[in-house]
Every structure is written in C-alpha cells, then in structure tokens.
Amino acid sequence: MNFRTFGKTNWQISEIGCGMWGLADWTGGSDKESEEALDRAVDLGCNFFDTAWAYGGGKSEQILGRLIKRHPGKKLYVATKIPPKNFKWPSKREYSLDECFPPDHIREYVEKSLRNLDAPVDLIQFHVWEDGWADDTRWQEAVASLKKQGKIKAAGISINRWEPDNGLDTIRTGLIESVQVIYNIFDQSPEDLLFPLCKEQEIAVIARVPFDEGTLAGVITLDTKFPANDWRGTYFVPENLKASVEHAERLKKIIPAQMTLPETALRFILSNPVVSTTIPGMRKTKHVESNIAAGNKGPLDEKMLGELKKHRWDRKPTTWSQ
C-alpha cells in the first residue's frame, strides 16, 4: 500500500481508503461478508475509513467501530459525517444553516457518532454543503469547540454532487482540513478550480465515487435493475442509466488489453498528486484485493492520461443527484 500526507494534518493515509456507504444502505451483501472484506483491507494496509451517521442511521459507524476493536494494534483513521438537520440531499441554496447545521445539531450528531463508533473521530465532515455559509461563525465556533474538547481532530466538508466549486470560500477561511468531492474519469471538473486551491491551501482531498456508482467498474448495463430499497435505483433512472452506459462503452474501447476498467479508473484518480485518498466501496474481499492491487501499480503514463481526459463528462445537478 502507498501512503500520502493528508493535507496539513500530516497524517499518513492509505491511497486506497474505504467508503462505507454500501455496507449499510445497498443490497447484495451481508454484514459477515463486509467484515471479512474490511479485515482484509486492514491486513493489506488500508487505514482510512469513511462513514456517516446517515449510512443506515449509524449502522455503518457501528461496523467501523467493531473493525477498530478487532485491530487494536493498528491506527485506523475514522472519518464520519454529520447529516443535515432537514435530511435534504443535496443542500439547496434556499436552505439556511439553521435548517441544516445549527450548532446544537452539530454537537448532537458528533456525540451520536462517538457512541456508535465507541472510538475517537479523526475527521468530522458536513455531509452536504453550501458555500454561502462559509463566513457564518456558528458552525466555525462549534467545530473549534469540538476540537478543543478533543472530540474531533479535524473537520471537512463533503461537496454536493457535480458542484465542485461550492466550497471554495469555505476553504479560504482556513478552518477546515479536508474536502470530499466526486472525482473520476467522467467527473474531472474538480481539476479546474477546486484542486489548485486545495494545493495552495494544503487541504486534503478525498475523492469519492471513483467508479461512478458502478459504470466505471463495468458492472452496470442497460438491463441493470435495483431493488426498491437500494439507493442506486434512484440514481440510475432511465435517462442517467442510458447515458452512463453509453459513456462507459466508449471508454472501454481505449483501455489496454492488460488493464481492466476498474484499475484504469483508480489509477486515473491516483495519478493526480492533489488527491490524498480515494474511497471505493469494498464490500467483498475480491474487491479489496483488486482495488489495492490497482493502487499499487502507480500512476498512469501521460499518453493514457491524455486519452482519458477526452472522456470528461460535465453534468448538472438534477432531481436525482445526491
């Protein structure tokens, strides 16, 4: 496993982290299978785990807490998230800080996460964000107080889907340590403004959705169906499913024979030195092993990166974005 410095914290974080949404709110897996996969990830050097209270109402946090207890001799970095009070994803601009993150709500959910994890929180993140809140002293003071009390070590924002510039002013406050943003072969827009500012300000970057919810893993087809209780069914509505599959099929044509699409997707992300870690969901041991093996192969060459740049796909937030 390769490691990178997590912004100004100086934490040494595994390049391949683990996103834990799928362990609680997706179908097609079991807790036993997930825990075996998590243990294998730790064995292979993964030390960064990203969860949230909203993932199963605390279930994912509890799974992470049990993982930490099973590996007492290893430092595993815990990143979790505070849900917006109104439980609206994403946070539209008409919502106020009072509707999403009033100070009492921030403190309440940090305490809930601490109880679920039964372990310290390294990084607390706001699960949605609106940059118009950047200079509101209420969230700033709440975060500063939580740090002073030792309840969290660092704070960050999770930027809404397809809005990579909706956090620039917040970064400039100097009061957060990280941003989490969708970044993959299709979603390259963070490179425009967000990444240069993160580099300048020493802000850690957590790249989420490396496989575009499955299309860049090669597992989504026009015939793919999801159960009613699986979030992916609300994302892959017909118009998005068709467009996603078409883009993936065009991309497959340029992938070298000795590489897989998932490997290409991960190595594209890790070719950018601004990225601190990427967090694929890894519910199965075989996915853990293949993802970490891909990361160990290092960056792609400039020629391949140039070809992948042509597959940038700029999308706009819609009713099914999150």
By residue number, the members of the range 164-204 that are in contact (Cβ under 8 Å) with a residue 40 or more places away in the chain and on the phi > 0 side of the Ramachandran plot are E202
Expected single match for within 25 Å of N47 (Cα to Cα), not acidic (D, E) and not in a strand (DSSP E or B) among R267, R312 is R267
Scanning the range 270-287 for residues that are more than 16 Å from the chain's Cα centre (by Cα) and not in a loop (DSSP other than H, G, I, E, B) gives T285, K286, H287
Residue count, the range 217-249, condition crowded, with 17+ Cβ neighbours inside 10 Å, out of contact with any helix residue (DSSP H, G or I) (no Cβ under 7 Å at 6 or more places or on another chain) and of a type in the set (S, T, N, Q), comes to 1
Answer yes if at least one residue in the range 5-18 is of a type outside the set (F, W, Y), out of contact with any Ser or Thr (no Cβ under 9 Å at 6 or more places or on another chain), modelled with pLDDT of 95 or more and closer than 22 Å to R107 by Cα, and no otherwise. no
Checked the range 275-321 for anything of a type in the set (A, V, I, L, M) and more than 26 Å from L38 (Cα to Cα); matches are L300, M304, L305, L308
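In the range 134-184, how many residues are hydrophobic (A, V, I, L, M, F, W, C) and at pLDDT below 95? Spell out how you get there, then give the answer.
To start, the set of residues in the range 134-184 that are hydrophobic (A, V, I, L, M, F, W, C) comprises 134, 139, 142-144, 146, 152, 154-155, 157, 159, 162, 168, 171, 175-176, 179, 181-182.
Going one step further and asking which of them are at pLDDT below 95, we end up with 162.
Counting residues in the range 134-184 that are hydrophobic (A, V, I, L, M, F, W, C) and at pLDDT below 95 gives 1.
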Turns out the helices (runs of 4 or more DSSP H) fully within the range 91-179 with at least 2 residues that are of a type in the set (S, T, Y) are 103-117, 137-148
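Against the definition (more than 21 Å from the chain's Cα centre (by Cα), closer than 13 Å to I157 by Cβ and crowded, with 20+ Cβ neighbours inside 10 Å), how does W129 come out, yes or no?
Values: more than 21 Å from the chain's Cα centre (by Cα): no; closer than 13 Å to I157 by Cβ: yes; crowded, with 20+ Cβ neighbours inside 10 Å: yes.
No.
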Given the conditions (1) touching a His at 6+ places or on another chain (Cβ under 9 Å); (2) farther than 30 Å from N47 by Cα, every one holds for G281 apart from (2)
Scanning the range 69-115 for residues that are modelled with pLDDT under 95 and among the charged types (D, E, K, R), the one surrounded by the fewest Cβ atoms within 10 Å (Cβ to Cβ) turns out to be E94
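Looking for whichever is over 19 Å from the mean Cα position of the chain (by Cα) and modelled with pLDDT of 95 or more here; the options are D39, D50, D31. Which one fits?
Working: D50 fails: over 19 Å from the mean Cα position of the chain (by Cα); D31 fails: modelled with pLDDT of 95 or more.
Testing whether each residue is over 19 Å from the mean Cα position of the chain (by Cα) and modelled with pLDDT of 95 or more leaves just D39.
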Is there a residue in the range 245-258 that is closer than 19 Å to R312 by Cα, in a loop (DSSP other than H, G, I, E, B) and hydrophobic (A, V, I, L, M, F, W, C)? yes
When L197 is run through (1) over 18 Å from the mean Cα position of the chain (by Cα); (2) farther than 21 Å from L270 by Cα; (3) assigned to a helix (DSSP H, G or I), the failure sits at (2)
Considering the range 221-244, residues that are of a type in the set (S, T, N, Q) and in a helix (DSSP H, G or I), and then whichever is modelled with the highest pLDDT, we arrive at S244
Checked D223, D212 against criteria (touching a strand residue (DSSP E or B) at 6+ places or on another chain (Cβ under 9 Å) and free of Cβ contacts under 8 Å to residues at least 60 places away in the same chain); the one match is D212
Per the filter on the range 290-310, residues in contact with a Lys or Arg (Cβ under 7 Å, 6 or more places away or on another chain) and surrounded by 14 or more Cβ atoms within 10 Å (Cβ to Cβ) are A294, P299, L300
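Out of the residues in the range 173-189 that are of a type in the set (S, T, N, Q) and farther than 24 Å from A248 by Cβ, which is farthest from the chain's Cα centre (by Cα)? Let's see the steps before the verdict.
As a first pass, look at the range 173-189 and keep what is of a type in the set (S, T, N, Q): 173, 178, 180, 184, 188-189.
Next cut, farther than 24 Å from A248 by Cβ only: 173, 178.
On the way: T173: 22, S178: 11 Å.
Checking each candidate, the answer is T173.
The values are calculated or read from the model by the stated rules, or taken from the named source; none is laboratory data. Being a predicted model, the structure only gives us computed values, none of them experimental. Every residue, glycine among them, receives a Cβ derived from its backbone with ideal geometry; neighbour counts consider all protein chains shown.
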